[in-house]
Every structure is written in C-alpha cells, then in structure tokens.
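Let me begin by presenting the structure, written as structure tokens, before commenting on it.
Just so it is clear, none of the values below were taken in a lab; they were calculated from the coordinates. This structure is a prediction, so every number in the text was calculated from the model and none was measured. Reconstructed Cβ throughout: ideal geometry from the backbone, glycine too, with neighbour counts over all protein chains shown.
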Amino acid sequence: MNQYQTLFSLKGKFALVTGGTGGLGSAIANAFLLNGAGVAVCGGHPEKAAALKKLAESLNRPFLSLSCDLTNPRKVSDMLDAIEDTFGTLDILVNSAGINRLIHAEDYDDETFSQVMDLNLNGLHTVTREAGKRFLIPKRYGRILNLSSVKSLIGTTENYIAYCASKGAVNMYTRQLACEWGKYQITCNAIAPTFVRTPINSFQLDDPVFYETLTNRIPLGRIGKEEDIASAALYLCSDAASFVNGQILYVDGGLTAMQ
C-alpha cells in the first residue's frame with residue numbers, strides 16, 4: 001500500500017485529550033476518533049462527552065470520559081490509572097485544558113493569576129511528566145501536542161496578562177521538552193490558534209465591532225473554525241509529522257504574518 005494513504009491514520013493509537021469536552025478539545029477528540037484512535041477525554045462538559053461517546057460507539061472505538069483536577073498530582077495519577085486499566089497504554093497526549101480571566105493588569109490579584117498559571121502551565125506539566133514517565137518514555141514513542149495561542153506571541157489591549165504569560169511559557173516548554181525527550185522518539189509541538197468560537201469567548205465574538213476589528217487583521221478575513229484546529233492536531237499527532245518537533249504552528253489565517 002502507498003505509505004501516503006496511511007500517514008494520517010491513528011489506527012491502533014490511544015490518546016488523552018485534556019480539556020477534551022471543551023470547544024477545541026472536543027473537536028480534536030472527534031477527529032482522532034474518526035481517524036482510528038481510542039480516546040480518553042478529561043473535562044467538565046458531560047454533554048460533549050456524551051456526544052463523543054456516541055460517536056465512539058458508532059465507530060467501535062475505545063472511549064473513556066474522565067474528570068480530573070489537573071493541578072493535583074494524585075488526581076492525575078488516578079486518571080492515568082483509569083486509562084491504563086482501560087486502554088493498557090497511551091501514545092498521544094493533547095494538552096488542551098486552559099482558562100482565562102479578563103482582568104486589567106493593575107487589578108489582577110495574586111490568587112486569580114495563580115489559578116490561570118496553575119492550570120495553563122503547571123497542570124500541563126504535571127500531566128505531561130506523569131504520562132511521559134508511565135507510558136511514552138518506556139515505549140520510546142509518543143506525540144505530545146500543547147494548545148497555545150497567538151497571544152503567546154503578540155499582545156492585546158483586552159486584559160489578557162495572565163493568559164498571555166501562560167501561553168508564552170507553554171511555547172518555551174514545548175521547545176524545551178522537544179529537545180529533552182527527542183532522544184526517546186517523542187515529539188512535542190504546539191498549535192497556536194487565533195480566535196475560534198467557543199463558549200469561553202462567544203461574548204466577545206458576538207460584539208460586531210470586536211469581530212470586525214479582529215477579522216480585518218486576519219488576511220483570510222475570518223476567524224478560525226474548530227475543524228481548522230482539529231486538522232492541524234491530526235497532522236501533528238500522526239506519522240505524517242514524525243520529523244516535526246519543537247514547533248509552534250500558528251493556525252491563524254495569517255494574523256501573525258500581519259504583525
């Protein structure tokens with residue numbers, strides 16, 4: 001068989017998508033299921049998990065829905081226990097969980113700043129470290145994908161001080177882990193989208209002035225779609241990207257090229 005016919009297949013692979021019941025995470029989980037993977041999602045939106053479970057059943061794919069405090073190492077270990085009991089192993093980790101709080105920098109209290117950093121960066125590290133030690137490093141194979149943002153590269157007037165800081169750190173974490181774990185044949189990359197309509201940002205995108213100002217800065221003249229992000233995730237977690245490592249892929253319609 002022509003090798004290019006199977007490069008994007010995830011058949012026989014098992015993936016964990018944190019934030020997998022959110023807007024982008026569920027789109028990525030959906031794409032993985034459609035392309036052959038067994039999928040575990042961790043998130044707080046049971047209705048999205050139910051839809052993914054229904055899809056998995058229709059495709060006869062293994063599926064697991066979990067909830068976990070990703071900033072608690074013991075809870076993360078329990079989650080990985082459940083994955084090991086159900087799947088036996090893990091090949092792909094997508095770190096999609098994240099939060100934002102829109103507060104002026106001068107008013108951003110320490111507790112809220114820590115909450116954003118704890119999930120967006122510290123929680124990402126905890127899951128990655130534990131999944132790596134338990135599954136990926138021993139088998140000398142893995143795909144790690146982090147969800148970053150264009151706000152890791154460019155600033156904004158919209159009160160994103162903690163979010164921007166966390167995503168900038170995610171970029172450097174991605175590059176460094178790619179260097180450290182490349183010897184195990186584990187790749188680590190990140191996707192940095194511009195705005196994609198999700199429940200967390202709909203209130204902004206529903207503002208016609210905000211929306212027009214945003215799309216005027218994007219050469220393709222539109223915001224992102226969930227499938228734009230899912231397609232990029234599928235590529236970076238497949239064998240098609242086996243030699244892509246330590247990269248930040250800006251899925252932004254050309255927004256960062258305009259800066």
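Along the positive direction of the dipole of region 1-109 (beta-carbon charges: Lys, Arg +1; Asp, Glu -1; about the Cα centre), which of 51, 29, 2 reaches farthest?
2
Show that you can apply the helix-only estimate: for the chain, add -39,500 (n - 2.57) for every DSSP H stretch of four or more residues, divide by all residues, and state [θ] at 222 nm to the nearest 500. Spell out each step's value before the answer.
On the way: 9 runs with 101 residues, N = 259.
Counting only the DSSP helices, I get -12000 deg cm²/dmol.
Show the residues, 5+ positions off or on another chain, whose built amide H is closer than 5 Å to the amide H of residue 97.
18, 19
In degrees between 0 and 90, to the nearest 10, how far off the longest principal axis of the chain does helix 73-87 point, with axes built from Cα atoms?
50 degrees
Which aspartates and glutamates, if any, have their Cα less than 20 Å from the Cα of residue 48, not counting same-chain residues under 8 positions apart?
Cross-link targets: 57, 69, 226, 227, 228.
Give me the aspartates and glutamates in straight-line cross-link reach of residue 167: C-alpha distance below 13 Å, same-chain residues under 8 apart excluded.
In chain and number order, the partners are 118.
Just going by the charge dipole of the chain, with Lys and Arg at +1 and Asp and Glu at -1 on Cβ, which of 104, 174, 218 is farthest out on the positive end?
The one lying farthest along the dipole's positive direction is 174.
Compute the normalised compactness of region 91-170: alpha-carbon radius of gyration over 2.2 N^0.38 Å, N being the residue count.
Values: Rg = 14.5 Å, N = 80, 2.2 N^0.38 = 11.6 Å.
Rounded to two decimals, the normalised Rg is 1.25.
Do any of 13/75; 13/133; 13/139 go past 22 Å between their Cα atoms, and which?
On the way: 13/75 24 Å; 13/133 18 Å; 13/139 13 Å.
Distance filter (> 22 Å) returns 13/75.
Which of the trypsin sites (Lys or Arg not before Pro) across region 71-113 are loop residues per DSSP, with 16 or fewer other Cβ within 10 Å? If you can, show how the numbers build up before the last one.
On the way: sites: 74, 75, 101; in loops: 101.
Passing both the DSSP loop test and the Cβ count: 101.
Tell me whether region 108-255 comes out rounded, prolate or oblate; compute the Cα gyration tensor, take square roots of the eigenvalues as a ≥ b ≥ c, and use a/c under 1.5 as the rounded threshold.
Values: a/c = 2.49, a/b = 1.49, b/c = 1.67.
Note, shape of region 108-255 comes out oblate.
Could you give the nm distance between label points at residue 209 and residue 102, where each point is 7 Å from its Cα heading toward the beta carbon?
1.3 nm
Considering only C-alpha atoms, what is the centroid distance from region 36-86 to region 1-32, in Å?
Each part reduced to its Cα centre gives a spacing of 14 Å.
Loop-only chymotrypsin sites (Phe, Trp or Tyr not before Pro) in region 175-259, please: DSSP not H, G, I, E or B, and at most 16 other Cβ atoms within 10 Å.
Numbers: sites: 181, 184, 195, 203, 210, 211, 235, 243, 250; in loops: 195, 243.
Qualifying residues, ordered by number: 243.
State the answer as a single residue: which of 164, 71, 238 lies farthest towards the positive end of the charge dipole of the chain, with beta carbon charges of +1 for Lys and Arg and -1 for Asp and Glu, about the Cα centre.
The residue sitting most towards the positive pole is 238.
Taking the chain as a Gaussian network, where each spring joins two C-alpha atoms under 10 Å apart, which residue of 65, 96, 148 fluctuates the most?
Of 65, 96, 148, the most mobile in the Gaussian network model is 65.
Using unit Cβ charges (K, R positive; D, E negative) and no other charged atoms, how large, in debye to the nearest 20, is the dipole of the chain about its Cα centre? Intermediate results must be reported in sequence, preceding the final value.
Working: 23 positive and 25 negative charges, 213 e Å.
Roughly 1020 debye, rounded to the nearest 20.
Hey, which aspartates and glutamates would be in cross-link range of residue 151, C-alpha to C-alpha under 14 Å, not counting anything within fewer than 8 residues on its own chain?
Within reach: 252.
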